[in-house]
1. Roughly what would the spin-label model give for residue 44 and residue 70, points 7 Å off Cα along C-beta, in nm?
2. Note the full-extension length gain between residue 135 and residue 62 as 0.36 nm times their separation in residues minus their Cα-Cα distance, in nm to one decimal.
């Protein structure tokens, strides 16, 4: 169900704009810009027994305008530039020294330069990145943790600020 964006053809003075041309080059493009590909997945319950750097399992879809979410997997359907944001809360039974939230593209870290030092057992995290994504790219998220043990990714039955989630919005084409 990928959204398509058709580059308009050149027209000259006096050319007639037919219904077909309008629908192909104007109507569909405008409709897709009004509702671009977007998604937000979340944890509705805590994910206990979490081991650092393993993919978080998403069990709730808050929205998905392009059919990208299938169960716990986010698959890109429309190529382009996306703003991706990963945020949430990590609970631990022992002190954690560093937490690095990571968005992964096809299993490879997109961003891992951000480390947040902590000295508590409950901490929130967030990271965002602009990425050039292709059709069928797979998106996951993980939290790399140093110190502590027995982690839990916090979930919530509502979409409040304590819920762990990954979201993305299509910004535009690459060319």
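1. So the label points at residue 44 and residue 70 sit 2.1 nm apart.
2. Values: separation 73, 0.36 × 73 = 26.28 nm, distance 2.15 nm.
Length difference between fully extended and current span is 24.1 nm.
No lab work stands behind these numbers, since they all come straight from the coordinates. Since we're looking at a predicted model, the values are computed, not measured. Ideal geometry is used to build each Cβ from the backbone, glycine not excepted, and the neighbour counts take in all protein chains shown.
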